[in-house]
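The values are calculated or read from the model by the stated rules, or taken from the named source; none is laboratory data. These figures come from a predicted structure and were not determined experimentally. No Cβ is skipped: glycine too gets one built from the backbone with ideal geometry, and neighbour counts run over all protein chains shown.
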Amino acid sequence: MASFYAFLTGPAFVISLLVFFVGLSVRLVRYFLGLDWRLERVAYRPNMEQGMKGGLWSIYKWLLPFGTAGWRAQPFFTICFFMLHFGAVLVPLFLIGHNVVLEENFGFSLPSLPQGLADLLAVLTVIGVFFIAARRIALPEVRIITTGYDYFILALVALPFITGLIARMHWAGYDFWMICHIITGELMLILAPFTKLSHIALYFASRWQIGADFAIKRGGHSRGACFPW
Amino acid sequence: MPEGQFCNKKPVETEEELKALLGDKGGKQYYEEMLQLDVDSDKLWETVQKTCKSRTRTWLEICAHCGMCADSCFLYRVNEADPEQVPAFKIQSTLGEIIKRKGKVDNAFMRRAMEFAWARCTCCNRCSQFCPHGIDMGVMFSYLRGLLYSQGFVPWELKIGSGMHRVYQAQMDVTSEDWVETCEWMAEENGEEWPGLEIPVDKEDADIMYTLNAREPKHYPEDVAEAAILFHLAGENWTVPSKGWEQTSLAMFAGDWGACKIAVDAVYDAAERLRPKRIIGTECGHAHRASVIEGPYWAGRPDGRPPAEYIHYVQWLAEALREGKIKIDPAKRIKEKVTLQDACNYVRNHGLAKYTREIISYIVEPGYFVEMATNREYNYCCGGGGGFNGIGMFRKQRNVALRTKRDQILATGAKLVIAPCHNCWDAIRDLEEEYEIGIRWTFLKPLILSMAIVPDHLKPQEEDEE
């Protein structure tokens, strides 16, 4: 058991991170290499400065809760969405427990969140996943586009949080839950570049493109680079 | 059966073919042949592989199926929240499936896709403003139209439309001679009232080259006259080209990219031949899209710009009013509730909302202009965009689509709608015909003409002497 745990927090941890970061980087590079000014009909290069402004603005605005007309139009989903994403981004990176493992393997660590805040964020993430799943079932306009794959992705995200929270309770079976937590967490890292979770990186690419598109081609010269998202 | 006589994978290239196709009233035989048309799966897949690159593939892949696009789509809203009208569903079940199945789709699939591409999306691009990933389903539907067109699955009217561009370099059968004659006729017809009025054809190095929509010379020659009178009134040094005057592109609605290039090349050639300082296009939305926004790319221009500064009529008009080239008689300003239709193609997709509002500020008495609820970039399509207006087999769906604009207009309480776009103008005319809500609708040109101050030196001589 102890050696399995050591494997999971040692080599398996390193490999998962490697797959995650290299995989997502490759996807980003391939995205941008695959852009084609003729096919998209957007003259990126000659208008790069304007495009950058519009692209970064488009990324930034959509990262703000209720920052865009789109977010404001759907308050329930927006709240669920940000509940899920705040935890999903911050907890894996800044949990003190994760940083200990990071330090052991790489000799450095990131700043840590206060444990109470991390707990809260993790709980909110699970609640966010729950309501997003419920919304998929409840609303006909979401149900029609929902597939099993969408639930798989939600589960892939929720499992590390649920198992992590249970382990955190230090109930009976702590070791079991901790191992489940590490396995599901690493599974998520490994699968991210190959699934819809690639949006972790590709969100920035896709949002940049549409922002640049509007800034360069669709009116940027008269309305300014920043589209009124 | 493979290719039909009318419904096939070949574009219409000759006048003879075009006339034969037109002779098939309502596309009766055309659509019968379509039932039998084979899908060339290998060619379809080859085209997808060549033209569907990271942007579109990423859009289709990372779509989170969150459904935030549903409410953004006026066709979803106006069709009683039919889940089959959710933009993500519409594109995933058509273009998404073609890619998933590597092009191995059948005739029934393609006919369904045709209905989705032309009757369930007007390419207004509004959904792109509501998707967290910035997925633009209007852009993808336009791409899908290209794939469908290349396989022969295109509405009859649009096959004709793109054929018109190929045969006449215009969306209607208006030849260069017809056009020049119309110019002479209109100049003459209005010469008495407007001494010195000219429609200079092919004048080199003018300040302005004016381009327009073929339906103006064909059906509304007074629109050509009004444009001429307003340039005359503003004292502009302007011209029209004898060739390359047609600014629109039904080929863009059809997804016939070859014809799109032919059309825009003709306009750009005229600009290079006549070397105007600026080109001004008429009050049309899709014409602006085709010749100013998308056109440079079809013509292969790496900077994404037309060969000369190319502006919309509303930009010129705002400037003419701002600089006092045209003065409005304050007594004639509009003193009734009036609203404004934002055309997707130059407002959402080209940022020109401020110019129409500036014009309004000069011609409407303060307090009488009422914005539609959700306007500017967030406007709704008129209901007839993207070719929807002109497709007979989808008329029923189009008439349902008009209800969005009907209700928006009713909510303003205005009885007058300014619609500086041919497509929007048509849709609003049709919605009045269909739903009889008692409104009037107008382009800007006649409106301005009815309230402009005419300086004495431009008035007919007799009047001065009397």
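Out of A:Ala69, A:Ala43, A:Ala73, report the one residue that is more than 27 Å from B:Ala299 (Cα to Cα), touching a residue at least 24 places away in the same chain (Cβ under 8 Å) and within 9 Å of chain B (Cβ to nearest Cβ).
Within the list A:Ala69, A:Ala43, A:Ala73, the selection yields A:Ala69.
Does region B:398-417 contain at least one residue that is part of a helix (DSSP H, G or I), more than 14 Å from chain A (Cβ to nearest Cβ), at positive phi and buried (at least 19 other Cβ atoms within 10 Å of the Cβ)?
Scanning region B:398-417, I find no residue that is part of a helix (DSSP H, G or I), more than 14 Å from chain A (Cβ to nearest Cβ), at positive phi and buried (at least 19 other Cβ atoms within 10 Å of the Cβ), so the answer is no.
Is one or more of the residues making up region A:182-194 over 16 Å from A:Pro92 (Cβ atoms), more than 7 Å from chain B (Cβ to nearest Cβ) and not aromatic (Phe, Trp, Tyr)?
No, that holds for no residue.
Mind checking which residues of region B:84-108 are among the hydrophobic types (A, V, I, L, M, F, W, C) and without any contact (Cβ under 8 Å) to a residue 40 or more places away in the chain?
B:Val86, B:Phe89, B:Ala108
For region B:31-65, name all the residues that are within 29 Å of the chain's Cα centre (by Cα), part of a helix (DSSP H, G or I), within 14 Å of chain A (Cβ to nearest Cβ) and more than 30 Å from A:Leu84 (Cα to Cα).
Answer for region B:31-65, where residues must be within 29 Å of the chain's Cα centre (by Cα), part of a helix (DSSP H, G or I), within 14 Å of chain A (Cβ to nearest Cβ) and more than 30 Å from A:Leu84 (Cα to Cα): B:Thr47, B:Val48, B:Lys50, B:Thr51.
Residue by residue through region B:239-260, note down the ones that are surrounded by 24 or more Cβ atoms within 10 Å (Cβ to Cβ) and of a type in the set (A, V, I, L, M, F, W, C).
Within region B:239-260, B:Val240, B:Trp245, B:Leu250, B:Ala251, B:Met252, B:Phe253, B:Ala254, B:Ala259, B:Cys260 meet the criteria.
Select, from B:Glu377, B:Glu432, B:Glu436, B:Glu358, the only residue that is over 25 Å from B:Ser72 (Cβ atoms), within 14 Å of chain A (Cβ to nearest Cβ) and at pLDDT 95 or above.
Selected residue: B:Glu358, the only one of B:Glu377, B:Glu432, B:Glu436, B:Glu358 that is over 25 Å from B:Ser72 (Cβ atoms), within 14 Å of chain A (Cβ to nearest Cβ) and at pLDDT 95 or above.
Which condition from (1) in contact (Cβ under 8 Å) with a residue 60 or more places away in the chain; (2) more than 14 Å from A:Trp208 (Cα to Cα); (3) within 8 Å of another protein chain (Cβ to nearest Cβ) is the one that A:Gly10 breaks?
(3)
Within region A:64-157, which helices (runs of 4 or more DSSP H) (wholly inside it) include 3 or more residues that are more than 18 Å from the chain's Cα centre (by Cα)?
A:69-73, A:96-106, A:115-138, A:140-143
I need a count of the residues in region B:77-90 that are touching a Cys at 6+ places or on another chain (Cβ under 9 Å) and more than 7 Å from chain A (Cβ to nearest Cβ).
Of the residues in that region, 3 qualify.
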